[in-house]
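None of the figures in this text is laboratory data; all of them are computed from the coordinates on show. Computed from a predicted model, the values in this text were never measured in an experiment. Every residue, glycine as well, gets a Cβ built from its backbone with ideal geometry; the counts of neighbours run over all protein chains shown.
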Amino acid sequence: MKRHLLLFLCMISISVFSQELIDSTNVALIDTAITEMQHSGIVLNVCDTPNDDGTSITIKWDINDSLKGYLMDIHRIHGECDTAIALDMNPEKGIHTDNMVHGGTNYMYYALFKKDDIVKKTDNSLPVKAIGQWFNKERFDSFIVLLLIAGAFAWFIYLAKKGKSFYIRKIAGLDAVEEAVGRSTEMGKPIMYLLGIGYVTDIPTIAGLTILGRVAKKAAEYDTRIMVPSYDPVVMTTAQEVVKEAFTEAGRPDAYRKEDTMYITQDQFGYAAGVDGMMMREKPGAIFLQGLFFAESLILAETGYSIGAIQIAGTTETAQLPFFVAACDYTLIGEEMMAASVYLEREPLMLGSIVAEDLIKIIIVFVLIIGFILGLLGHGFKIGFFTDMFEWLVRII
Amino acid sequence: MNIIKKLANIDRRIIFIVIAIVVIIPLIFKPKFPIVVSEPVQKAYDAVNNLPEGANVMISIDYDAASMPELQPYLEALLSHCFMKDFHPILIVQWQLGAPLGTQALEKIAAEYNKEYGIDYINLGYRPGYVAQMVGIGREIRTYFNSDYKGDLIEKYPVMNNIHNYDDIDLLIGLEAGATGQVWVQYAGARFDQRIVLALTAVSAPDAYFFFQSGQIEGLVGGMKGAAEYEILVDKPDMAVAGMAAQSFAHMLIILFIVFGNIAYFVDKRKKNKAKGGIK
Amino acid sequence: MIKGKGIPLAISFLTGTIIIIAFFIPHAPFGSFEEISLRWYSIIAGFTMLLGVDSLLRLHTNKIKRKENHWAYSIVLLFGFLLIVIVGIISTIRYGNAFLTGSGFMYMYDNMIIPLQSTMFSLLAFFIASAAYRAFRARNFDATLLLITAIIVMFGRVPISEMISPKIPIFTEWIMSVPQMAAKRGIIIGIALGAIGVSLRIILGIERSYLS
Amino acid sequence: MITIGIWIAAGLTLCIYSFLYKDNPFYKFAESFYVGISAGYWLIYTYAYVIQPMLIEPIRNRGEFVLLIPAFFGLIMLSRWVPKIAWLSRWSIAFMVGIGAGLGVTGYIQGFLIPQIQATILPITGFNITSLNNLIIIVGVITTLLYFYFSKEHKGILGWTSRIGITFIMIAFGASFGYTVMARISLLIGRFYFLIYDWIIPIFG
C-alpha cells in the first residue's frame, strides 16, 4: 500500500516536471520584451521571474559609464495606473524584481535615471506577464536526490516486507539499558529520562521518544519508577502516552504514574535548574539523556555524574557530545542515536530503512572517491579529459 | 603520593574560587595582549568592507542575554563598521529575548555616528515563526515586517523603499547562539542564494566551519575572541579586547587542571596495578 | 475506529507529502503551502503552551496542598508566575503590547530574567572547570586524542599563545578548518541522512512512536 | 547612579552563584522564582506574538477564516484535559509531526546534503599544502561517514576505516570542547564585568 503511494508520488512529480518543460519554452518566447533606453543605448530586459508562483517580474539592465552616480526609479504601468516600484535605487545592481504583480496581467515598465536636475527616461517596455511555473527547475538536483533516496527506501522496505532479514551492528550504549535499569532497581532508586529541549518535530526528540518507550517498558518490568521532566508541553504529552503504552505493554498499567512525566518550563536554564534540583532530591540511579541538548547538557551531565548515576546519553548536537563522552558512561553519537531506535524495535521495515540509508552512504562515498580520482588525474596529472570530467561532476552536483 | 591523592579529591568549591579569582583579577587590572586576526574573521570583515556603496546589510539578532558577552561586542563593532562605510543596517530579531539587546546596541552606535533612524538604518524588531519568515522574506519582506519594532508602518521610512526580498539585501549577517544560523543557511542561503556571514558563540562556531569551507557562508566570527579580532580590524578596541586577558589566564588554568587531574589519575592507576601485582 | 491511529497517520502522511511536493511546485496554490503550514504550526504550538502551564501549576498547587518537601518554594514559583502574568496583563492593557520598552513587563525582563538567565549560563564556566579537573581523563586512545586537541585549541585561541609563537594560532586554525571540519562534515552528512530517513519513516507511517 | 533594578539584578545573580557553595534556600528561591517568571513570560509572549497577531487579528480584521483550521487543531490539543476525548490530541500532534517531517526531507537535501557533498569534491593539484589539506578533508569525510555505517559489522576494511573515522571524530570533539570552554569563560567574564562595573564600583562612587 505505502509502496504504491510512494510510486504514485513519484509519477505525479515526473508528469508535473514534463509539463513544466513545455510551459517554460512558451514563457521564453512570449514573455521577454526588450526596450531601448533613450539617449544612452542601455538595454532594459523584462521577463517573468522563473521558478515562482506567477506573482513576480524580473527587470534587468546593463549600466554604462555615462550613468555613473545616477539614482534610478522604476515605474510599472498597468492600464492608466502608473506606480513607482523602486525609488532612488543604486542602478549598479542591474536587476530588480517586482513581486507586487498579479499573474496573467500585462504590465509595462520604464525607468528614470536622475542626477541633480538631469532626468533620463527609458521607453515603455513591451507588455510582460507573470506566469506561475509547475516545476522549480533550480530544485531539480534536490528532486533527483529525493528520488534516489525515496527509491532506495521503497526498495529495501519492499524487501523487508517480503521477509528478507537485515543485519544491524551492535550499538554499545543500548545494551547498557538493561544494566542501568537493573542497577537502579537494586538500589531502589528511580530512573530519570531527559528528552532535552527539543520539540516533537525535532528528529532527535522523536528518536529519544522511541528509546523512551523501550526504557519505560524495562522500567515497568522491573517495577521501577521512571521520571520524565519535560521542556516542551507537546513533548510532555507525547511522552506521557509513550510511557503509558509501555507500561500497558509490560502488563503493568496500574504502575503507571502520569504525574511522573511532568512539565518544568519552556526556558532552557529554568529547565536545567529544575531538573538539577530534581536530581539532587530524587537521586536517580540511572539517567538517560536522549534528545536535543544544548548548553544545559554540561549542567545535567555534571550533576548526574556527581550523584553517581549511570548515565547513557545521546544527541545529534555535535557541540554537546564531547561533554557527554566525558561525563557519561555511554554515548550515542549523532546518527547512532537514530539507528538506536531501530535497533531497539528490531522491526523489519525500520531495519530496511536503515539499510537504505547505508546504501546512500555508500553512493556518497563512491561519488567522493570518483571525485577524488578525477581531481587527481585532472588537476594533479593535468590530463585535460579528466579536468573536464571533474568540473562536470562538481557542476552537476 | 599522599599530596597528589589529596589534591585529586579536592573540594569543588576550591576549584570554583580559583577560577573566579583568575577571571576577576585581569578584569580589574586589564593587562594588554596582542591579538592576531584569523582567516574566517578577516573574510567576514572583507565581505562587509567590499560591499557596494549604500549597501543594505540585514543583521539578525538570534541570541539572548545568556550569550551577550560573546556577541554584543561584535554587534557593536559591526554596526560601527557599517556606519563608517555608510551602509544601511536593517535589524531583525529571531530570538524574542534578544530584541532589547539589538535595540540598545543599534541606538548607541547610531548616535555615535550621527545616523538618522529610518534613513540610514531601521530596526524591524521581532516576529515569531522563524522558518516561515525566512521563506517569506524570499518573496516579500512586508508580509512579515510591514511595521518597525515600534509598530510604525515601514512605508514611512525611506531606507525600506527599495527593499522587498533577498535580492535587495547585499549581505545577511546572523548573530547566532543556537541552531538558527543553520536554518538561515538552509533556507535563505540554499533557496534564495543570499550571501551570509555568521557570527556565532564559540560553542556553535566549530559546527559552522564546513559551511565556511563550502562557501555557504562567507565569513565566520567565533565567540568573544572573534569579536576581539573584529574590534581590532575596525580599530575600536572595546570590551572583547579587554576580556582577552582574563580569557587567556582562565584557559591556562583549565589546561593546568586537565593535566594535573590526569597525572593524579595515572599515579593512582599505577599504584592500583602495583597492588594487584603484589597480591599475585 | 475513529479513536485509533488511522486518522493521525493519514494526517501525517498528507501534510508531509504535500509539503514535499509543494517544495518543487512554485505554482499557486502549492507555492505558499510551506509558509502557511509553518504559520499554522506556530498557532497550534501556541495552544499547547496552555497545556504546559496547566501542568506546571497543577504540579505545584498539589505540592502546596499536600505540603510535600520544599512546598514553600512552590509558593515562590506561583508567586513569580502570577506576578509576571499580572504585570504583563496590565502592561498589555496600558501600552497595547507588553513588550514595549518602558513597560513594567520589560522592567521585569531587564532586571530579573536577564540576570537570572545569564548567571545560570555563566555557572557553566565553573562546572566546566570542575569537570576538567575531575572527569576528563585520558582513559584510552580516543579520550587522549580528544584531550590533546582540546588543550591545543584552548591554548591556541587565546592571545597568550600568540606571544609565545605566532605559529600556534595558525596551527589551531588548521585543526579547525581541516581535520575538525572534515569530521563535522561527515557527521552532518550522516545526521542529514538519518533525519531524512526518520522523516520518510514518519510520512510512510513506519515510525509511529510519537502517536503512542 | 545605581537603580533598584540593578540591586535586584545583582541580588538574583548572587543568589544563583550561592549554588556553587552548596544547594541552599537562596538558590532554591531564585530557581523557583526563575521557573515561575519564565513560564509566565512565555505565556504572555505566546499571547502577544502568536495568538493575537497570527490568529485573532487576521480573523477579526482581515476575515481570514481559514485560520480556524489551525485553531481547531490547537483546541483539540487541549482535549488532553478531558481523558475521554484525549485521543483527539493525536490529530494535532500528527499534523505538527507531518510538517516537521516534510520540511526535514527537503530542507536537509537542499541545505546540507547537496552543498556539503559538492564542497568535498576537491582537486589534488600536486605536492603542495592545499592538496594535502584537500586529501585530509576527503579522507576525513569518507571515514567519518563510514563510522556511521550500520548494516555491517566493523571488521576488516570497514573496521579499519571506521577506526580512522572515530579518530577524526575525537579530534573534532576535542576542538569543540576547547571552543565550548572558551564560550563559557567569556560568559563568566561578562557576568563579572556586570558585577564589578555596574554594581560594585558605582556603590563606592
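For this structure, a couple of remarks:
- Rg/Rg_globular for the range C:1-138, with Rg_globular taken as 2.2 N^0.38 Å and Rg from C-alpha atoms: 1.61
- Rounded to the nearest 20, the Cβ-based charge dipole of the protein assembly as shown about its Cα centre (Lys and Arg +1, Asp and Glu -1) stands at 4940 debye.
- Convex hull projection area averaged over all views, the range B:50-123, Cα basis, nm²: 4.5 nm²
- Chain D - Debye-derived log10 I(q)/I(0), Cα point model, q = 0.07, 0.08, 0.09, 0.12 Å⁻¹: -0.54, -0.69, -0.85, -1.08
- Expressed as a fraction of 2.2 N^0.38 Å, the value expected for a compact globular protein of N residues, the C-alpha radius of gyration of the range B:39-237 is 0.91.
- By the count of neighbouring beta-carbon atoms within 10 Å, fewest first, B:157, D:45 end up ordered B:157, D:45.
- Whichever lysines have a C-alpha closer than 16 Å to that of residue D:28, once near sequence neighbours (fewer than 8 apart) are set aside: C:63
- Model label sites at residue A:92 and residue A:175, defined 7 Å from Cα along the beta-carbon direction, differ in position by 6.5 nm.
- Cα-derived Rg over Rh, computed across the protein assembly as shown with Rh taken as Kirkwood radius: 0.95
- Per-residue Cβ neighbour rank within 10 angstrom, fewest leading, A:281, C:157, B:142: A:281, B:142, C:157
- Along principal axes, Cα extents of the range A:49-198, largest first, whole Å: 90, 42, 32
- Dipole moment magnitude, nearest 20 debye, chain A about Cα centre, only Lys, Arg, Asp, Glu C-beta charged: 1140 debye
- Over all distinct Cα-Cα pairs of the range D:1-63, the Kirkwood formula returns a hydrodynamic radius of 14.4 Å.
- Farthest toward the positive end of the dipole of chain A, out of A:203, A:181, A:392, is the Cα of A:181, where the dipole comes from beta carbon charges about the Cα centre.
- Projecting the Cα atoms of A:291, A:337, A:264 onto the charge dipole of the range A:261-368, computed from C-beta unit charges around the Cα centre, puts A:264 farthest toward the positive end.
- Cut-off under 5 Å, modelled amide H: who pairs with residue A:332 long-range: A:313, A:314, A:315
- Centre-to-centre separation between the Cα atoms of the range B:226-244 and those of the range C:48-86: 44 Å.
- Chain D - charge dipole about Cα centre, Lys and Arg +1 at Cβ, Asp and Glu -1, debye rounded to 20: 460 debye
- The helix-only estimate of mean residue ellipticity at 222 nm for the protein assembly as shown, built from DSSP H runs of length n ≥ 4 each weighted as -39500 (n - 2.57), is -19000 deg cm²/dmol after division by the residue total.
- Remark: the range A:172-346 projects, on average over all directions, an area of 8.4 nm² (convex hull of Cα atoms).
- Kirkwood radius and radius of gyration were both taken over the C-alpha atoms of chain A, and their ratio Rg/Rh is 1.15.
- Extreme residue, positive dipole direction of the range B:82-193, given options B:146, B:97, B:166 (C-beta unit charges): B:97
- Set of lysines near residue B:150 by C-alpha distance (under 28 Å), chain-local residues within fewer than 8 positions excluded: B:85, B:108, B:115
- Volume per residue of the convex hull around the Cα atoms, evaluated for the range C:69-135, comes out as 101 Å³.
- Equivalent ellipsoid semi-axes - Cα gyration tensor, the range D:123-205, angstrom: 47, 19, 7
- Measuring between their Cα centroids, the range B:162-221 and the range A:378-397 lie 29 Å from each other.
- Taking 0.36 nm per residue of sequence separation and removing the Cα-Cα distance, the residue A:124/residue A:147 pair yields an extension gain of 3.8 nm.
- Anchor residue A:121: lysines whose Cα lies under 19 Å away (excluding residues fewer than 8 positions away in-chain): A:60, A:68, A:93
- Residues residue B:274 and residue A:281, FRET efficiency given R0 of 51 Å [Cβ-Cβ distance, rounded to 0.05]: 0.80
- Taking the fewest neighbouring Cβ atoms within 10 Å as the starting point, the ordered list for D:19, D:26, D:127, B:211 is D:127, D:26, D:19, B:211.
- Computed from the Cβ-Cβ distance with R0 of 25 Å, the FRET efficiency linking residue A:392 to residue A:137 stands at 0.85.
- Every Cα-Cα pair in the range C:53-212 was counted, and those over 24 Å apart are 70% of them.
- Calculated on the Cα set of the range D:64-119, radius of gyration then Dmax: 16.9, 54 Å.
- Antiparallel bridges, percent of DSSP beta bridges restricted to the protein assembly as shown (to nearest 5): 45 percent
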